[in-house]
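The values are calculated or read from the model by the stated rules, or taken from the named source; none is laboratory data. Owing to the predicted nature of the structure, the values given are computational and were not obtained by experimental measurement. Here Cβ is always computed from backbone atoms with ideal geometry, including for glycine, and neighbour counts include all displayed protein chains.
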Amino acid sequence: MLELGKSGSQGTGKGTIPVLSDGAVVATLHASNWKEAATAEVGERSWVFRRRGGRELTGRWAADPEDAVRLRARQTSSWRGTWTMELDGVAVTVTWASRWKGTHSYVVDGRQVAESGRRSTRPTLTTDPGLPLDHAVFMLWVELVLGRRSATAAAAAAV
């Protein structure tokens, strides 16, 4: 299981979120507090994640041109809460695993490859062993964005 650790913990710098697997840091994420954007370090590779347009979240290698897209997530239905992803050409369907818990199921060709969860307020991701770490880190960032959106909507409704 992968999980986002507490910002600045596990020997990471201030504002850097460790991505943990069994307590060990396997990647880092530096997410913006004000924009839906982040940078990630996964092994020797640097990624740039950001919102593009209205409902699309994208990922590219930092060395790629600004308009390149290697990873993409698009909301297909706000009513149903469904999303589609393209991860290096692989189509992924994202549906609610539990609306009550705020968790999602990630499916490729009818087979679940990951399921999100929560530990406190931080997202977790249980993945198939064959899922690339780069893809899993992007999924965790999407979960972080969706969690922030839900929290913002809940705060706005409470006012």
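The set of residues in the stretch 77-89 that are of a type outside the set (A, V, I, L, M, F, W, C) and in a loop (DSSP other than H, G, I, E, B) comprises Ser78, Arg80, Gly81, Asp88, Gly89. Within the stretch 84-120, the residues that satisfy the criterion of being under 22 Å from Ala154 (Cα atoms), out of contact with any helix residue (DSSP H, G or I) (no Cβ under 7 Å at 6 or more places or on another chain) and among the polar types (S, T, N, Q) are Thr95, Ser98, Thr103, Ser120. If you go through the stretch 39-54 and keep only what is touching a residue at least 40 places away in the same chain (Cβ under 8 Å) and over 19 Å from Gln75 (Cα atoms), you end up with Ala40, Val42, Gly43, Arg45, Trp47.
Exactly one residue among Ala63, Ala68 is surrounded by 12 or more Cβ atoms within 10 Å (Cβ to Cβ) and modelled with pLDDT of 95 or more, and that residue is Ala68. Among all positions in the stretch 132-145, there is at least one residue which is modelled with pLDDT of 85 or more, out of contact with any Ser or Thr (no Cβ under 7 Å at 6 or more places or on another chain) and outside any helix (DSSP H, G or I). Counting the residues of the stretch 21-38 that are loosely packed, with under 12 Cβ neighbours inside 10 Å and either basic (Lys, Arg) or over 23 Å from Arg74 (Cα atoms) (or both) gives 4.
Of all residues in the stretch 55-79, those satisfying the criterion of being among the small types (Gly, Ala, Ser) and free of Cβ contacts under 8 Å to residues at least 24 places away in the same chain are Ala62, Ala63, Ala68, Ser77, Ser78.
Answer yes or no as to whether Arg74 is of a type in the set (Lys, Arg), closer than 26 Å to Gly5 by Cβ and part of a strand (DSSP E or B). Taking the combined requirement at face value, the residue does not satisfy it.
Among the residues making up the stretch 10-64, those that are charged (D, E, K, R) and either assigned to a loop (DSSP other than H, G, I, E, B) or touching a Gly at 6+ places or on another chain (Cβ under 7 Å) (or both) are Lys14, Asp22, Lys35, Glu36, Glu44, Arg55, Asp64.
From the list Ala40, Ala31, the one residue that fits, being at pLDDT 95 or above and closer than 17 Å to Phe138 by Cβ, is Ala40.
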